1. Restricting attention to the stretch B:294-304, and to residues there that are of a type outside the set (D, E, K, R) and buried (at least 17 other Cβ atoms within 10 Å of the Cβ), which single residue is farthest from the chain's Cα centre (by Cα)?
2. Which of the numbered conditions does B:Ala96 fail, given that it passes all the others? Conditions: (1) assigned to a strand (DSSP E or B); (2) within 18 Å of B:Glu31 (Cα to Cα).
3. Name the pairs: first residue in the stretch B:1-19 and closer than 20 Å to B:Phe231 by Cβ, second residue of a type in the set (Lys, Arg), Cβ to Cβ under 6 Å, at least 6 apart or on different chains?
4. Keeping to the stretch B:99-124, report how many residues are among the aliphatic types (A, V, I, L, M), at pLDDT below 95 and in a helix (DSSP H, G or I).
5. Go through the residues of the stretch B:246-261 one by one and say whether even a single one is away from chain A (no Cβ under 14 Å), touching a residue at least 12 places away in the same chain (Cβ under 8 Å) and either part of a loop (DSSP other than H, G, I, E, B) or under 21 Å from the mean Cα position of the chain (by Cα) (or both).
6. With (1) surrounded by fewer than 24 Cβ atoms within 10 Å (Cβ to Cβ); (2) under 21 Å from B:Ile151 (Cα atoms); (3) more than 10 Å from chain A (Cβ to nearest Cβ) as the list, and B:Ser265 as the residue in question, which single condition is left unmet?
7. Among the listed residues B:Ala63, B:Ala68, B:Ala39, B:Ala6, which satisfies the condition of being modelled with pLDDT of 90 or more, within 20 Å of the chain's Cα centre (by Cα) and either under 25 Å from B:Phe234 (Cβ atoms) or in a loop (DSSP other than H, G, I, E, B) (or both)?
8. Can you give me the ranges of the helices (runs of 4 or more DSSP H) entirely in the stretch B:130-240 with at least 3 residues that are within 30 Å of B:Arg251 (Cα to Cα)?
Amino acid sequence: MSTVTPRPVRRVHAGSAEEFPLDEFRVVEVPGGSIGVVRTESGFYAVRNRCPHMGADMCGNPVTKTTLPAGPFEYRLDEDSCVVRCPWHRWEFRIDDGRSIGGITRKRLVTYDVVVEDGQVYVLRGGGRRAAAEEGEDE
Amino acid sequence: MTIIDAELHPRIPSRAALLPYMDAAWAERFERTAFVLPAGVPHPGHDIHPDDPGRPAAPETVAPPLDAETAAAILVPAQILPSAGWCDHAMTAVYAAAANRYLLEHALAEDERLHLAIGVSPHVPEAAATEIRAHADHPRVAAVATSLVNINLGHSHYDPIFAAAHECDLPVVIHPGGTEGVSIGTPTLGGVHPRSAEERYTLLAQLPQANIASLIYDGVFTRYPDLRIVFAGFGFAWAVPLLWRADMEWRNLRIDVPWVREPPSALAAKHIRLTAGELGSAPAESVREIAALLPEEVLLYGSDRPFSAAAAADALVGIPEDRRARVAHDNAAATFTRLRAGVRA
């Protein structure tokens with residue numbers, strides 16, 4: 001039986017909260033890649049700036065809403081949704097947990113916890129499942 | 001091995017045979033205009049014309065003979081299907097109705113294992129739906145058969161046919177009508193009209209490809225969740241890259257078709273069936289590799305008699321051994337759910 005030593009959680013400063021326009025990503029560079037941080041109506045979120053499909057930058061466009069399953073040729077916008085859409089193949093992932101929309105893949109977009117302290121936004125990196133996901137493993 | 005034959009073709013012997021099954025005024029018109037009964041359907045090298053009925057079905061019979069191992073068989077009335085290329089839409093419905101009544105009375109009497117796919121013209125779908133419902137309670141009606149006009153199957157044009165088939169739990173068999181690509185009103189092939197029979201037969205498999213994509217992306221199976229569509233006589237090797245590509249495009253474009261809730265290959269496993277028959281010159285080992293890449297529910301054995309004389313065992317050599325019982329029997333039993341009780345492995 002092997003033991004896994006959890007990685008320490010690292011805080012990455014992403015900027016002052018008041019610098020974040022609604023729904024638009026601010027991208028911060030971290031060792032080995034970059035992270036997109038966004039302020040939405042439901043709070044701050046952070047995702048890895050790399051599509052789990054083919055590696056495209058994910059955070060160049062604002063977060064958006066998605067369409068729900070409906071009858072043929074009926075489009076219904078999910079007003080409560082908040083997704084990151086890949087610019088290459090339009091794969092969509094939930095901003096909160098990185099799961100794909102519509103079950104098109106089991107791969108997940110890597111997500112990170114975000115904390116705001118004294119008006120400053122920090123991304124928490126490392127540790128647990130996120131560390132594994134960051135290595136590209138499927139759910 | 002027990003067989004359900006999903007595709008064999010009856011033969012109506014003459015125009016005169018149909019006249020008693022028409023209103024007298026229509027019968028007079030069919031005679032006056034010297035209506036020519038379509039030959040089976042043109043298969044390369046296997047045309048069977050009613051004036052030349054010697055091969056291989058016996059002249060006095062309507063249906064091809066069945067092997068002892070055949071538990072049940074679906075008669076696909078190929079002579080009705082060329083009506084998709086006719087101009088007189090009203091006549092297509094009268095003709096199909098007369099032909100169905102003739103076949104119900106004569107073909108089914110020849111062997112209790114025979115079942116009929118009710119043939120309908122796609123020109124006037126409401127008339128087709130009426131024809132389907134008129135015979136749906138017949139205990140030996142097991143499917144609907146039609147061919148295509150130049151409207152994709154996902155278009156609402158076909159809704160009355162699909163609604164009736166779905167309501168009656170009858171799969172819809174799509175079979176070449178014989179005039180695709182060469183008659184105005186039927187689907188074009190390759191965006192052009194082929195200029196030779198060879199070109200036409202080479203391109204014919206484009207029809208199921210275009211229409212499977214249409215059925216899936218246009219949401220037909222969202223509207224009719226238990227509908228089964230059988231493409232008979234089109235082969236199946238093309239289906240592997242088609243479904244692979246369809247899955248890929250669905251992943252990329254799901255936001256445009258949110259009503260498609262599953263990968264196309266999963267929908268195909270539930271709703272699309274393809275007949276597999278005579279191998280011809282195809283090497284069996286290669287065919288087996290292709291067949292193994294399809295969802296295991298998709299293939300049905302179809303003899304295509306009387307246009308093919310190959311034994312089922314020879315055709316099934318092209319199916320991976322662990323799938324042969326499925327293709328020979330189980331998939332058809334699950335598809336043609338109206339087959340009479342007692343048809344079993």
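The values are calculated or read from the model by the stated rules, or taken from the named source; none is laboratory data. What you see is a predicted model, and the numbers here were worked out from it, not measured in a lab. We place every Cβ from the backbone using ideal geometry, glycine too, and count neighbours over all the protein chains shown.
1. So in the stretch B:294-304, the residues of a type outside the set (D, E, K, R) come out as B:294-295, B:298-303.
Still in the running and buried (at least 17 other Cβ atoms within 10 Å of the Cβ): B:294, B:298-303.
Values: B:Leu294: 19, B:Val298: 14, B:Leu299: 13, B:Leu300: 12, B:Tyr301: 12, B:Gly302: 10, B:Ser303: 12 Å.
For the stretch B:294-304, the residue satisfying everything is B:Leu294.
2. Result: B:Ala96 passes all but (1).
3. From the stretch B:1-19, the pairs are B:Leu8/B:Arg305.
4. Counting residues in the stretch B:99-124 that are among the aliphatic types (A, V, I, L, M), at pLDDT below 95 and in a helix (DSSP H, G or I) gives 2.
5. Taking every residue of the stretch B:246-261 in turn, none turns out to be away from chain A (no Cβ under 14 Å), touching a residue at least 12 places away in the same chain (Cβ under 8 Å) and either part of a loop (DSSP other than H, G, I, E, B) or under 21 Å from the mean Cα position of the chain (by Cα) (or both).
6. Checking B:Ser265 against (1) surrounded by fewer than 24 Cβ atoms within 10 Å (Cβ to Cβ); (2) under 21 Å from B:Ile151 (Cα atoms); (3) more than 10 Å from chain A (Cβ to nearest Cβ), the one that fails is (2).
7. Working: B:Ala63 fails: modelled with pLDDT of 90 or more; B:Ala68 fails: within 20 Å of the chain's Cα centre (by Cα); B:Ala39 fails: modelled with pLDDT of 90 or more.
On inspection, the qualifying residue turns out to be B:Ala6.
8. Where helices (runs of 4 or more DSSP H) fall fully within the stretch B:130-240 and carry at least 3 residues being within 30 Å of B:Arg251 (Cα to Cα), they are B:159-167, B:206-217, B:220-223.
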